[in-house]
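Presented below is the structure to which this report refers.
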Amino acid sequence: MVRIEDIDKQRSSLDAAQRQLEDLATLGIDWDGEVIYQQDREAAYSAALEKLPYYECFCSRKDIQEAARAPHAIPGQYPGTCRYLDEGTKAQKRGELAAQSRVPSLRLRAETNQFTIQDKLHGNYTGDVDDFILRRGGQVTDIDNPKTDWAYNLAVVVDDIYQGVDQVVRGDDLLSSAPRQAYLASLLGQPAPEFVHVPLVLNAEGKRLSKRDGAVTLRQLLEFYTPEQVVGQMAHSLGYTAASAHELLEKFQPEALSTQPYEWSDGCRGAAQD
C-alpha cells in the first residue's frame, strides 16, 4: 500500500505526489490497493480528535521559544502554557484570533510525560511525551468550520490504524517521535506497530546528507544512471548486489540490517555508474 503524506498544504501538490508514484514505478516498486491521500482524510482525523483529550493553544512560536528559555523548562517540550487557562481567558483569546480570521491550535492533554516503545534495532526505547499539537492553528476562511493543517503525529497514527500497518520502518532521526505516536495509538485503543528505525545516509563529515552534499531527486540521477544502476546503489548501501527491486527483495534479510549510518561519497557514485 502507498500513502501520500500531503497534510502540509503549503508544501504539497498533486503534481509532486504523481511524480513520487512515477518514481516508485520507475524503480520497479509496486503496491497493493488504492493510494491514500491525507488531504482526503479530514473526516477521519476529526473523528479521532473527538476521542482524545485536547485543549486550545493560543501561543505563538515566539511565546513558546521564550517559555522554553525559562528556568526548569524541558528543552524541546511544550511547557503547558495554555493547559490551565480559565474559560474567560480562553474566550478572550479566541475572540482576538477570530477578529484576525485565525483559530488556535489544538494540543493533546497528555496524561504521562514518558512512553516506552519496542524497536527492532534499538530495543526498548523510552522517550518524552508532551502536550504535542494535534491540529495546527492559523488563518482560516470559515471560523465556524476551520480547516487547518492536521499535525503529522495525529495523521500518521490514524492512517496506520486505518491501513492496518503493523510495522513502521524509517530513519533513526525520527526515533524520538515514536513514543508520542505509540502513546497516541494507545489512547485510540490500538497497539503500537513494530518500529524499525534504520541509520541515515550521511556525508563525509558525518552529517545528514543534504542537497549540497549530492542528495538529488531520482529524476536528476536518471540523467546519468539507469534505473537498474540506481537500484544497484540502493542495494550496495544495504550490503547486497542487485539490479532490480525484485532481486533485492529476494536477497534482503531484515535481521542483517546494520545499525551504522551509510556514508555517501564520490566513490559510491562511481560504483553506481559502473
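The values are calculated or read from the model by the stated rules, or taken from the named source; none is laboratory data. A quick note: this is a predicted structure, and the numbers were derived from the prediction, not measured. Reconstructed Cβ throughout: ideal geometry from the backbone, glycine too, with neighbour counts over all protein chains shown. Calculation scope for accessible area: heavy atoms of the full protein, side chains included, ligands and nucleic acids excluded. Shrake-Rupley method; radii C 1.70, N 1.55, O 1.52, S 1.80 Å.
Quick check: is even one residue across segment 211-218 open to solvent by 40 Å² or more (accessible area, probe 1.4 Å), at pLDDT 80 or above and either at negative phi or of a type in the set (A, V, I, L, M) (or both)? The answer is yes, given that some residue of segment 211-218 is open to solvent by 40 Å² or more (accessible area, probe 1.4 Å), at pLDDT 80 or above and either at negative phi or of a type in the set (A, V, I, L, M) (or both).
Being in contact with a Leu (Cβ under 8 Å, 6 or more places away or on another chain) and either farther than 14 Å from A44 by Cβ or in a helix (DSSP H, G or I) (or both) is the filter here, so list the residues in segment 161-192 that pass it.
Answer for segment 161-192, where residues must be in contact with a Leu (Cβ under 8 Å, 6 or more places away or on another chain) and either farther than 14 Å from A44 by Cβ or in a helix (DSSP H, G or I) (or both): I161, G171, D172, D173, L184, L187.
Every residue, every condition in (1) among the hydroxyl-bearing types (S, T, Y); (2) surrounded by 15 or more Cβ atoms within 10 Å (Cβ to Cβ); (3) touching a residue at least 60 places away in the same chain (Cβ under 8 Å), yes or no:
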site: I117; (1), (2), (3): no, yes, yes
site: G127; (1), (2), (3): no, yes, no
site: G137; (1), (2), (3): no, yes, yes
site: V156; (1), (2), (3): no, yes, yes
site: G171; (1), (2), (3): no, no, no
site: P179; (1), (2), (3): no, yes, yes
site: Y183; (1), (2), (3): yes, yes, yes
site: P193; (1), (2), (3): no, yes, no
site: L202; (1), (2), (3): no, yes, yes
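For segment 103-110, check the following and say yes or no: at least one residue is open to solvent by less than 30 Å² (accessible area, probe 1.4 Å), hydroxyl-bearing (S, T, Y) and within 14 Å of W150 (Cα to Cα). Within segment 103-110, one or more residues are open to solvent by less than 30 Å² (accessible area, probe 1.4 Å), hydroxyl-bearing (S, T, Y) and within 14 Å of W150 (Cα to Cα).
Within segment 1-39, if we keep just the residues that are β-branched (V, I, T) and outside any loop (DSSP other than H, G, I, E, B), the residue that is most open to solvent (accessible area, probe 1.4 Å) turns out to be T26. The set of residues in segment 235-255 that are surrounded by 13 or more Cβ atoms within 10 Å (Cβ to Cβ), without any contact (Cβ under 8 Å) to a residue 24 or more places away in the chain, hydrophobic (A, V, I, L, M, F, W, C) and in a helix (DSSP H, G or I) comprises A235, L248.
Of all the residues in segment 222-234, those that are β-branched (V, I, T) and either closer than 18 Å to S258 by Cα or part of a helix (DSSP H, G or I) (or both) number 2.
Within segment 139-154, the set of residues being open to solvent by 30 Å² or more (accessible area, probe 1.4 Å) and hydroxyl-bearing (S, T, Y) comprises T141, Y152.
Taking strands (runs of 3 or more DSSP E) as the structural unit, those lying wholly within segment 95-160 and holding at least 2 residues that are among the polar types (S, T, N, Q) and closer than 23 Å to D173 by Cα correspond to 114-119, 123-128.
With respect to the conditions (1) surrounded by fewer than 13 Cβ atoms within 10 Å (Cβ to Cβ); (2) of a type in the set (A, V, I, L, M); (3) touching a residue at least 24 places away in the same chain (Cβ under 8 Å), I133 lacks only one, and its number is (1). Taking E42 as the residue in question, decide whether it is within 24 Å of V156 (Cβ to Cβ), open to solvent by 30 Å² or more (accessible area, probe 1.4 Å) and out of contact with any strand residue (DSSP E or B) (no Cβ under 7 Å at 6 or more places or on another chain). Criteria met by E42. Can you work out which of the residues in segment 219-230 that are in contact (Cβ under 8 Å) with a residue 24 or more places away in the chain and out of contact with any helix residue (DSSP H, G or I) (no Cβ under 6 Å at 6 or more places or on another chain) is most open to solvent (accessible area, probe 1.4 Å)? The residue in question is F224.
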